[in-house]
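Student: Have a look at the structure that comes next, please.
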Amino acid sequence: MRYLGSQHTLSMEKNPSLAPAEGKLGILVPGLGAVATTFIAGVEAVKRGLAIPIGSLTQMARIRLGKRTDGRNPRIGEFVPLAQLKDLVFGGWDIFEENAFESARKAAVLDDSLLSQLKEPLSNIRPMKAVFDSEFVRTIRGPNQMPQRLKKEQAEAVMDDIAGFEERTGAERMVMIWCGSTEVYHASAAVHQSLRDFECGLATNHPDISPSQIYAYAALRSGVPYANGAPHLTVDAPALVELARERGLPIAGKDFKTGQTLMKTVISPALKARMLGLSGWFSTNILGNRDGEVLQDPGSFKSKETTKLAALDQILQADLYPELYRDFFHKVCINYYPPRGDAKEGWDNIDIFGWLGYPMQIKVNFLCRDSILAAPLVLDLALLLDLARRAGMRGIQEWLSFYFKAPMTGPGLYPEHDLFIQLMKLKNTLRWMRGEDLITHLGLD
Ligand SMILES: NC(=O)c1ccc[n+]([C@@H]2O[C@H](COP(=O)([O-])OP(=O)(O)OC[C@H]3O[C@@H](n4cnc5c(N)ncnc54)[C@H](O)[C@@H]3O)[C@@H](O)[C@H]2O)c1
């Protein structure tokens, strides 16, 4: 790395191995529910000129290159070679038999008037038979499941599905993004500690290996990068990190950062930046989609609660600022309330204190739409994981932390939660890939 004092930027060798994005990119999603169908329908709508891809960094955002005065601000999609929307093809698995059109209608996120224009491409996406285990998702049941057999055999069946999809669609490359339900909380166990233990566990039906891990294993064995949109463990386990590294594949997770946590990772850095104290943060919300139904189960909620709570602790660093953040009370609730469907409403009450300890309050009332916020993240992750793979990047992709509530990190490192540090990290990684100077914002010229 070379420091360029006069330009206040850092420069690195151009990454030599950035292969072009030629041919079709297959996007495989376990879970064809609200998020997945909103994502696929959105891409099809954009392809037809019916909408613009709002919320997607890869499609909308620009990246500054060089000095502020240079005026070089290309779109990210023009700056790095990403797969084009016209080259995307989709496949998925679900325990329900509905095709993506029927599932999107049931999810009721998008208007019928838009969906009816997308009936043909969506109806052609029919879910493959799911690897499902009611020990991991307890509140829903569906008929479209693989027979219960050895986990090793289920992984092989998923690999066959992936190979079949590749042949059917002519995909040159593929990525897999988990858009399925949140699984019951499981900590990393002995069977997850090495690839050897994990494969042994597959052969002996070890109860700590979840369906999402079977999909992830099958993806990585098939040479397909994997990202986890939900809070459960999946690839955040040494065995699957080992497999990803061995196969030269990028992985990322966990849990799409969309509504309340997005706000949390914007507001809390501001409080810390001004050295304002925090005595309590109470977050609650109501949502009525199937995700909300699954999260009623205490096991699935525990997975979610764990990822939702971690961000504040890391950002505020109570160990360094005990007078400000040592004892703050943090509570997160999710309430299933069917009338709202996907239109989640979140409330945050934030008790803070300032000069001489005087208390103040912030109230946030976010009337959002869960899948509308999540869909562009699925698109970005698919395109950026594919890019990472072509750039020869393997293992955990910390530069994609921007998209996650609980970013995966290498052993011994803490995750970065501050949204704007995450964005800088992402953009600097793209600059590095193209051999552009990294931007430090030093600005002493
Ligand atoms: N929407 C958001 O803002 C947001 C944010 C962060 C995380 N997430 C996560 O994204 C995931 C998807 O959310 P959603 O709103 O689309 O939920 P959803 O319930 O509408 O869809 C999930 C689908 O996964 C299917 N499924 C469950 N287990 C499966 C398995 N083993 N194999 C294949 N399919 C399976 C379900 O049948 C369902 O159709 C959830 O885990 C959710 O927690 C969503």
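Student: What order, most packed first, do the peptides 82-89, 314-321 have when packing is the mean number of other Cβ atoms within 10 Å of each residue? Walk me through the intermediate numbers first.
Tutor: Values: 82-89: 17.8, 314-321: 15.1.
So the peptides 82-89, 314-321, ranked by packing, come out 82-89, 314-321.
Student: Report, to two decimal places, the Cα Rg of the stretch 260-367 normalised by 2.2 N^0.38 Å (N = number of residues). Don't jump to the answer; show the numbers that get you there.
Tutor: On the way: Rg = 14.9 Å, N = 108, 2.2 N^0.38 = 13.0 Å.
Compared with the compact-globule rule of thumb, the stretch 260-367 sits at 1.15.
Student: Would you please report the Å³ per residue occupied by the convex hull of the alpha carbon atoms in the chain?
Tutor: Taking only Cα atoms, the chain has a hull volume of 149 Å³ per residue.
Student: Take the alpha carbon atoms of the stretch 254-314, find their center, do the same for the stretch 179-228, and report the distance between the two centers in whole angstrom.
Tutor: Going from one Cα centre to the other spans 25 Å.
Student: Given Ala310, Gly354, Ser300, which one lies farthest toward the positive end of the charge dipole of the stretch 260-367, if we put +1 on the Cβ of every Lys and Arg and -1 on the Cβ of every Asp and Glu?
Tutor: Gly354
Student: Treat every Asp and Glu Cβ in the stretch 44-96 as -1 and every Lys and Arg Cβ as +1, leave all other atoms uncharged, and give the resulting dipole magnitude about the Cα centre to the nearest 20 debye. Show your work: numbers first, answer last.
Tutor: Values: 9 positive and 5 negative charges, 90 e Å.
Using Cβ point charges on Lys, Arg, Asp and Glu, the stretch 44-96 gives about 440 debye.
Student: Same structure again: For Leu276 paired with Ala51, estimate the spin-label separation in nm (one decimal), with each label point 7 Å from Cα along the Cα-to-Cβ line.
Tutor: 3.5
Student: Something else now. Loop only per DSSP, at most 13 neighbouring Cβ atoms within 10 Å: give me the trypsin sites (Lys or Arg not before Pro) in the stretch 254-310, ordered by residue number.
Tutor: Numbers: sites: Lys254, Lys257, Lys264, Lys272, Arg274, Arg290, Lys302, Lys304, Lys308; in loops: Lys254, Lys257, Arg274.
Passing both the DSSP loop test and the Cβ count: Arg274.
Student: Any chance you could run the full-extension gain for Gln193 through Leu356? It's 0.36 nm times the residue separation minus the Cα-Cα distance, nm to one decimal. Write down the numbers at each step before the final one.
Tutor: Working: separation 163, 0.36 × 163 = 58.68 nm, distance 4.93 nm.
Extending this stretch completely gives an extra 53.8 nm.
Student: Follow-up question, since we're still on this one. Treat each spin label as a single point 7 Å out from the Cα along the C-beta direction, and report the Lys119 to His441 distance in nm.
Tutor: Rounded to a tenth, the inter-label distance reads 5.0 nm.
Student: Let me check against my output: what whole-number percent is the relative contact order of the chain, with C-alpha pairs under 8 Å and at least 6 apart?
Tutor: Values: 926 pairs, mean separation 97.8, N = 445.
Over the chain, the number comes to 22 percent.
Student: Suppose R0 equals 30 Å; then what is the FRET efficiency for His206 and Phe366 from their Cβ-Cβ distance, rounded to the nearest 0.05? Intermediate values should be presented prior to the final figure.
Tutor: On the way: r = 40 Å, r/R0 = 1.34.
That gives a FRET efficiency of 0.15.
Student: Dividing the convex hull volume of the alpha carbon atoms of the stretch 131-232 by its residue count, what do you get in Å³ per residue?
Tutor: Taking only Cα atoms, the stretch 131-232 has a hull volume of 104 Å³ per residue.
Student: Taking only DSSP H segments of four or more residues, each worth -39500 (n - 2.57), what value at 222 nm results for the chain once the sum is divided by all its residues, to the nearest 500 deg cm²/dmol? Numbers along the way, then the final one.
Tutor: Working: 16 runs with 168 residues, N = 445.
The helix-only estimate for the chain comes to -11500 deg cm²/dmol at 222 nm.
Student: Rounded to the nearest 20 Debye, what is the dipole magnitude of the stretch 260-367 about its Cα centre when Lys and Arg each give +1 and Asp and Glu each give -1 at the C-beta?
Tutor: Details: 12 positive and 12 negative charges, 32 e Å.
That gives the stretch 260-367 a dipole magnitude of about 160 debye.
Student: Normalised by the residues of the stretch 292-394, what does the relative contact order come to in percent, with Cα pairs under 8 Å and at least six apart? Can you show the working numbers first?
Tutor: Values: 71 pairs, mean separation 19.5, N = 103.
19 percent.
Student: How far apart, in nanometres, would the label points at Thr284 and Arg245 be if each is projected 7 angstrom from Cα along the Cα-to-Cβ direction?
Tutor: Once both label points are built, they end up 4.5 nm from each other.
Student: I've got another one for you. How charged is the neighbourhood of Asp386? Take every other residue with its Cβ under 12 Å from the Cβ of Asp386, and add Lys/Arg as +1 and Asp/Glu as -1.
Tutor: 0
Bear in mind these aren't lab numbers, they're just calculated from the coordinates by the rules spelled out. This one's a predicted model, so the numbers in the text were calculated from it and none came from an experiment. Note that each Cβ is placed from the backbone with ideal geometry, even for glycine, and that neighbours are counted across all protein chains shown.
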